[in-house]
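The structure under discussion appears below in the form of structure tokens.
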Amino acid sequence: MNRPTRAGAPAPHAIERAIDAALEVLAHEQRPTGAWAGDYGGPLFLLPMYVGVARATGIALDDATRSDMTRYLLATQNDDGGWGLHVEAPSYVFTTSLCYVALRQLGEPAGATWAAPARAWLSAHGGPLASASWGKFFLALMNLHDFAGLDPVPPELWLLPRWAPMHPGRMWCHCRMVYLPMSFLYGRRLCAPADPLVHALRDELYAEPYAAIDWAAARGRVAATDSDVAVSAATSAIHTALRWYERHAGATLRRRALAFVLDQIRQEDENTGYICIGPISKLFHTLIWHSVDPHGRAFAAHAAQLPAYLWRGPDGVKMQGYESSELWDTAFAAQAIVATGRAPTRRAMVQAAHRFIDRQQVLADVPDRERYFRGPSRGGWPFSSRTHGWPITDCTAEGIMACLAVAPHVTDPLLPRRLELAIDLILDWQNDDGGWATYERTRGPRWLEQLNPSSCFADIMIDYSYVECTAACLRALARYRTQHPHHREREIAAAIDRGARFLRARQRDDHAWEGSWGVCFTYGTWFAVTGLRAAGAALDDPAIVNACAFLRAHQLADGGWGERVEGCRARSYVPTEHGHAVMTSWALLALCEGPPTADPAIARGVAFLCENQRADGRWPDEHLSGVFNKTCAIHYDNYVKVFPPWALAIAARRCAGS
Ligand code: LAN
């Protein structure tokens, strides 16, 4: 494996065999629903929160689950004793504190062999008092940190007039849906009872006696390990003002604010079938309903949906970044199968995938949507399932493209009206800068990012236009109009033009595009190149030619491409030692959009993929290729199954000169 490759591409029949073997793997892994699902783990702050919430609410974890969670946490401990923000990251105080607490809550003794190095790492880095703010907040919920040491999150912010630039309704939906329940928990100072384990943990976590800790002095303290994003002077000033407010907050206004927030929470629960938009809000809502009404319907419904977020893998049980990635995975898989030219012989697989995608399209807006700060949903596709229901720009685009790609191969292609709904939503979502954001049009000013209090996640305050989302929407609009030229013809043409201009403006001086949701320049460049080409850029457009040259310059000696997640934070290309099948596939898919001259880089990339495929049709495990908010890597299990056959098929056609 990873031998330097010959100069030429493998023989055509060898490529065909590789594609067949990869499709056999996909066929084997398709679920009866028609979907592909996969491990969506990676971040290490989620499972400990799950364990803590289960304990605080009395949700029992069976023995097998406990031991598999323990196994996962132990397997992800770094050699220095700590835990990273994600499984490949150096240790953070945030996750080390939380993972330590979780292991103890799972029944591990303080004298276990993993525990002393963890405590030593923690105390050498300032202990929990130096954690990123979300870590302190969670410890406070567990009664392991005083609320006096937290930066205030007053629920009254939700009562600001809607036009206020700082109104939470203007924030990126993931940020506001984390701070929404946080403000309730903070407003009520909700925390778990101080049982014997809590007392023991207070002694284990802190250098000084818990009662003697100067919480006020430690406010705003963050270890260097947890400081990816500087907390600005403006944020500190606002925290000071909010602390003053906290001391004077009137009970009536607080009651009103808490009631407002709880109503928002209730509606989000109903809109998402108690899944919630993401893992943190899910856990916080569960805690809240347990405190509001432990015997009520809402808490029971939350408890029932909690395991949906767990993934059981060979490395143990983890909490995923979303309850599933099924729509996203299935939309890509469907497009990949069609791209290989094998849809006619894989009819059942394609038909089932299409049925799944068809069923996940959201067909109605959420009730009373403006009151709940929701945009339109009708016609969109979510990342996981229709039950979750939050539609996303690029998931909608991939949904459209998958449906268009499979249409000639299925008995019941998506109805034209349903495609129109999706296209209308995409048109509605375009930002003034010509780009597309993730879930909503950008609602807040850019300077709001200055108030990001997280210290370990970048770009969380507002929903920005992204290269990938924009490119995906361009591909979908362009592809749609070739097959349905008469629906909103002029608006589509104008949207494509503006989107293409946005992409061109985002090309960097080194001719790459920076990705935000995959690692990193390979991912961004693949999206941008295919988006621009779909928008009408010529094969020899300088933007395309230069981008291809950038990719060629980063091809590794083994013929593959590979980038490390560190490059996302550093905002520069950080190569891996050996090629990666996923990144090699993205690079190949981009290069195949370039000028049609014989390209030895493509031949070598194809050879890399063929040589590294195992006898069972799979490619070996590799570094995580997904990312969010610049710092946290996340695992897309199906990428390594879907992208290599897709890229091989496109590149093989290219090598054959067709
Ligand atoms: C996701 C998952 C899907 C992902 C894509 C659709 C792949 C992307 O193209 C757009 C952004 C999106 C929707 C996305 C955004 C950030 C998410 C929701 C996640 C990476 C999954 C988990 C992450 C979420 C923010 C985790 C919780 C942490 C916070 C900082 C709030």
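Quick note: the coordinates plus some simple rules give every number you see, no bench work behind them. Predicted model, so just to flag it, every value in this text is computed and none were measured. Heads up, the Cβs are rebuilt from the backbone with ideal geometry, glycines too, and the neighbour counts pull from every protein chain shown.
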Inset, instruction - Sum up the charges of everything whose Cβ sits under 12 Å from the Cβ of residue 417, counting Lys and Arg as +1 and Asp and Glu as -1, but leave residue 417 out. - result: 0
Inset, instruction - With a bin width of 20 angstrom, please list the P(r) values of the chain as percents of all Cα-Cα pairs, from the 0 bin to the one holding the largest distance. - result: 19, 52, 27, 2
Inset, instruction - Return the Rg/Rh value of the range 480-567, two decimal places, where both radii are evaluated on C-alpha atoms and Rh is the Kirkwood radius. - result: 1.05
Inset, instruction - Grab the chain and count how many Lys pairs have their alpha-carbon atoms under 22 Å apart, sequence gap of 8 or more, or different chains. - result: 6
Inset, instruction - Obtain the nm distance between the two label points defined at residue 211 and residue 79 by a simple spin-label model: each point lies 7 Å from its Cα along the Cα-to-C-beta direction. - result: 4.3
Inset, instruction - Can you pull the one-decimal nm distance between simple spin-label points at residue 241 and residue 446, each 7 Å off the Cα toward Cβ? - result: 2.2
Inset, instruction - Can you check what the Kirkwood hydrodynamic radius comes to for the range 307-374, Cα pairs only, in Å to one decimal? - result: 14.9
Legend entry - the range 543-658: C-alpha gyration tensor shape, a/c 1.5 cut-off, then a/b vs b/c: oblate
Inset, instruction - Quick one: Debye curve from the alpha-carbon atoms of the range 163-234 only, equal weights, vacuum; give me log10 I(q)/I(0) at q = 0.16, 0.28 Å⁻¹ to two decimals. - result: -0.96, -1.20
Legend entry - Amide proton proximity set for residue 92, modelled H, under 5 Å, gap of 5+: 83, 84, 85
Legend entry - Within the chain, helix-based [θ] at 222 nm, where runs of 4 or more DSSP H residues each add -39,500 (n - 2.57), nearest 500: -16000 deg cm²/dmol
Inset, instruction - Within the range 388-408, which residues have the backbone N less than 14 Å from the label spot 7 Å out from residue 483 along Cα→beta-carbon, could you tell me? - result: 397-408
Legend entry - Ranked list, fewest to most other Cβ atoms within 10 Å of each Cβ, for 599, 195: 195, 599
Legend entry - Prolate/oblate/rounded label for the range 289-408 (Cα gyration tensor, a/c 1.5): oblate
Inset, instruction - Classify the range 104-149 as rounded, prolate or oblate, taking a ≥ b ≥ c as the square roots of the eigenvalues of its Cα gyration tensor: rounded when a/c is under 1.5, otherwise prolate if a/b is larger than b/c and oblate if not. - result: oblate
Inset, instruction - Quickly work out the residue 539-to-residue 29 label distance, labels modelled 7 Å from Cα along the C-beta direction, and quote it in nm with one decimal. - result: 3.3
Legend entry - Förster radius 41 Å - calculated FRET efficiency between residue 428 and residue 234 (Cβ-Cβ, nearest 0.05): 0.80
Legend entry - Alpha carbon Rg of the range 334-481, scaled by the compact-globule rule 2.2 N^0.38 Å: 1.14
Inset, instruction - Arrange 114, 83, 429 by Cβ neighbour counts within 10 Å, fewest through most, would you? - result: 114, 429, 83
Legend entry - Protection proxy ranking of 304-314, 393-403, 180-190 - average other beta-carbon atoms within 10 Å, highest first: 393-403, 180-190, 304-314
